[in-house]
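Below is one structure, written out as structure tokens; comments come after it.
The values are calculated or read from the model by the stated rules, or taken from the named source; none is laboratory data. All figures in this text were calculated on a predicted structure; none of them were measured in a lab. So basically every Cβ, Gly included, is an ideal-geometry build from the backbone, and we count neighbours across all protein chains shown. Keep in mind that these areas ignore ligands, DNA and RNA; they rest on the heavy atoms of the full protein, side chains included. Shrake-Rupley method; radii C 1.70, N 1.55, O 1.52, S 1.80 Å.
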Amino acid sequence: MLRSVLFAPVIVTSLGLTSPVHAQSTVYIPAILELSGAGAVSGTNFRDGMLLAIDEINAKGGILGKKIDTPLLDTQSEAGTSRAQVQKVLDNKPYVIIGPVFSGSVLVDMLLTQQAEIPEIVGGEAAAITQKGNPYIFRTSFGQQFSIPKIANYMRDGVKAKTVAVLWVNNDFGKGGRDTFIKEMNSRDIRVVADISTESGQTDFSADVVKLKGATADAIFVYLNEEESARFLREAKKQGINKPLIGETTLLGQKVIDLAGEAANGVRGHVGLTIDAPIPAVQEFAARFKMRFNYACDHNGIKGYTAVYFIKHVTEKIRKFDSGAFAEAAHGMTITPKDEPGILMEATWDKNGDIDRISFLGEVVDGKQKIVKTLPKLGK
Amino acid sequence: MASFIQLLVSGLATGAIYALIAVGFTLLWQTSQTINFAQGEFVMLPAFFVLAAMNAGAPFWLAALIGISLSVLILGILFKVVVVDPMLKYGVLPLVISTIALSLLLKESTKDFYSSQAQPFPALVPAVDVHVFDAVVSTQSLAVLAVAIVTVVSLNLLLNRTRLGRQMQATAQNATLARILGVPVRRMVLYTFLLNAVLVAIASILVSPIYLAKFTNGETLGMAAFIAAIVGGFNQVRGAILGGIILGVLDNLSAAYISSQYRGAFPLIVLIIVILLRPQGLLGRIEERSV
């Protein structure tokens, strides 16, 4: 029932029933997200985090006295649909656009928002997104060029690996991660002995695990989406892989742990965003999220939540709803939880729109993610 | 050698599931000229019936029975009465389009009413490894294979050794002649839909512990089974079984020994070769129709 209510704006918007003229008492910030298709888990987590923040802000009077008006548009997890949805909302002159989460979709539609000079706060993590000189693109999670070097350091210093295998999903997210990982391994003189691509939505990993077993690597870097990660872990346990399985955020997410069961125990890696972070504000957010949506939030929920507070804070700094001024002011801005509690952790946006903040090293112990070390901001 | 055995068993287990789904394709086609493009979603849905029953407190065995019963009711009887019967008189194409629409409806409804997130699904047997010639074979794969074989053998016995089965075959081969000979054709067609519902429910219970229960599962399964049915022979149950097995094994072996990047292409290459060299499928028979 709740979902039906949440989807009502989507249906209304899809049918073109919303008025292009937005009431003066609201600010139009549409969200274009993966609400169906392969990316629905990521998109719905992002959406729910975002809705929680919007309701909190609107309940306190909105931004500069205007309530946030956020219709939800579904990309169906397809880049072409995402682009069409962006084109549609641009006709209504949005202040800022939120989403999408899939890097492939972001890379396709960010040209449109750049031409229209509208800031876009995205959930995509592919390195390429912020390397195209687009002054209107911002993230609320690490790009791969920030997270993968941390993994690489851990492979060298923590695991002490001399050889590694990499298993990656063949989409923009996976390919970007794989390319960055191999570059970082080469720069640390760690040899990549197996480079195995898998398909998005792949269900059977027995062949991939057989190949990994034959590769005799010191450690295996796993860079897949949520469900594929869980299926892989089950197969890896089934076939008795005994090398360290190292991942980045997704592999250690609670959803993957729940799906993989015992097979997730022992998995280690870098975690950019997690509700298990030893930070009270993050844990309180996670509790509010769970109470409202009745499921545990993943890192995408935190991305969605902080995206809205990022918009609020920047807007209150510039004291007007001016898209160009927003993009200009947001670069180089640091927001602390003291200034804006909804940002949860201190964060800085650089000249490319990339975010820098603390992150974590984690391990799965007895079916729970355990944070073993907090890593400082890269800029410190 | 150990890797090969491991891949072979795993491929056979996957292929056996494809075979069950593909058999459903062929049964519906033979008796009612129905190509059901919602067949993949028919496999996805029973897992959620089972999970809903378990959430309500039912033990797994009871939940599985409830899942199969609901499948028979919704994916068998309701599907025939609400979708197939009204559309069939307009020909194959409108019915195909109706089943495509149905697949979208089932997929999105499952997402909205249950969850967009994948759900863990209980396995038939505990995960214990069996060592065969240095290969580690999972009891789950063996259980899937065993249940699929028992199901297919039972189906064959029903179709070939019982009066009911022979009446169903007569209906499939020539409905007009069967009606003249006193076979209750309408009832036989209904039974076929019920059989298909049972097959997809069993496939769902077998595949969901591996695939995890998710609203998008039908996309992969439906396509794989459709290709399997064409490769094996769309008008022969044994052809569908062979097609399923070939596809499952080929998928695993090609990913391991040729390229995991192009694994999705190999079944399609086989499909093209079969269509070019033997359009009726490996075990299919040529159908001649007068116009």
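Residues that are at pLDDT below 95, charged (D, E, K, R) and surrounded by 24 or more Cβ atoms within 10 Å (Cβ to Cβ) within the stretch A:102-138 comprise A:Asp109, A:Glu125, listed in sequence order. Among the residues of the stretch B:192-202, is any open to solvent by 10 Å² or more (accessible area, probe 1.4 Å), among the polar types (S, T, N, Q) and either more than 14 Å from chain A (Cβ to nearest Cβ) or in contact with a Ser or Thr (Cβ under 8 Å, 6 or more places away or on another chain) (or both)? No: zero hits. The condition of being at pLDDT 90 or above, crowded, with 23+ Cβ neighbours inside 10 Å and in contact with a strand residue (DSSP E or B) (Cβ under 8 Å, 6 or more places away or on another chain) holds for only one of A:Gly301, A:Gly253, A:Gly247, A:Gly266, that being A:Gly247. With respect to the conditions (1) surrounded by fewer than 24 Cβ atoms within 10 Å (Cβ to Cβ); (2) within 13 Å of chain A (Cβ to nearest Cβ), B:Phe234 lacks only one, and its number is (2).
Would it be correct to say that B:Ala127 is in contact with a helix residue (DSSP H, G or I) (Cβ under 8 Å, 6 or more places away or on another chain), within 11 Å of chain A (Cβ to nearest Cβ), open to solvent by less than 70 Å² (accessible area, probe 1.4 Å) and in a loop (DSSP other than H, G, I, E, B)? Against the criterion (in contact with a helix residue (DSSP H, G or I) (Cβ under 8 Å, 6 or more places away or on another chain), within 11 Å of chain A (Cβ to nearest Cβ), open to solvent by less than 70 Å² (accessible area, probe 1.4 Å) and in a loop (DSSP other than H, G, I, E, B)), B:Ala127 does not qualify.
Yes/no per residue for (1) in a helix (DSSP H, G or I); (2) in contact with a helix residue (DSSP H, G or I) (Cβ under 6 Å, 6 or more places away or on another chain):
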| residue | (1), (2) |
| --- | --- |
| B:Leu145 | yes, yes |
| B:Arg166 | yes, no |
| B:Leu177 | yes, no |
| B:Val183 | no, yes |
| B:Val189 | yes, yes |
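Can we say B:Tyr211 is farther than 29 Å from B:Ile272 by Cβ and aromatic (Phe, Trp, Tyr)? When the stated conditions are applied, B:Tyr211 does not pass them. The residues of the stretch B:240-290 that are assigned to a helix (DSSP H, G or I), under 19 Å from B:Glu219 (Cβ atoms) and open to solvent by less than 50 Å² (accessible area, probe 1.4 Å), listed by number, are B:Gly243, B:Gly244, B:Leu247, B:Gly248, B:Asp251, B:Ala255, B:Ala265, B:Phe266, B:Pro267, B:Leu271. The set of residues in the stretch A:262-316 that are aliphatic (A, V, I, L, M) and under 27 Å from A:His331 (Cα atoms) comprises A:Val271, A:Leu273, A:Ile275, A:Ala277, A:Ile279, A:Ala281, A:Val282, A:Ile302, A:Ala307, A:Val308, A:Ile311, A:Val314. In the stretch B:10-110, counting only helices (runs of 4 or more DSSP H) that sit wholly within it, the ones holding 3 or more residues that are modelled with pLDDT under 90 span B:85-88. For the criterion of being part of a loop (DSSP other than H, G, I, E, B), at pLDDT 95 or above, open to solvent by 10 Å² or more (accessible area, probe 1.4 Å) and of a type in the set (Gly, Ala, Ser), A:Gly61 passes.
Contact map, the stretch A:314-336: first residue touching a residue at least 40 places away in the same chain (Cβ under 8 Å), second residue of a type in the set (Asp, Glu) and in a loop (DSSP other than H, G, I, E, B), Cβ cut-off under 8 Å, separation 6 or more or different chains; pairs are A:Ser323/A:Glu117; A:Gly324/A:Glu117; A:Ala327/A:Glu117; A:His331/A:Asp350.
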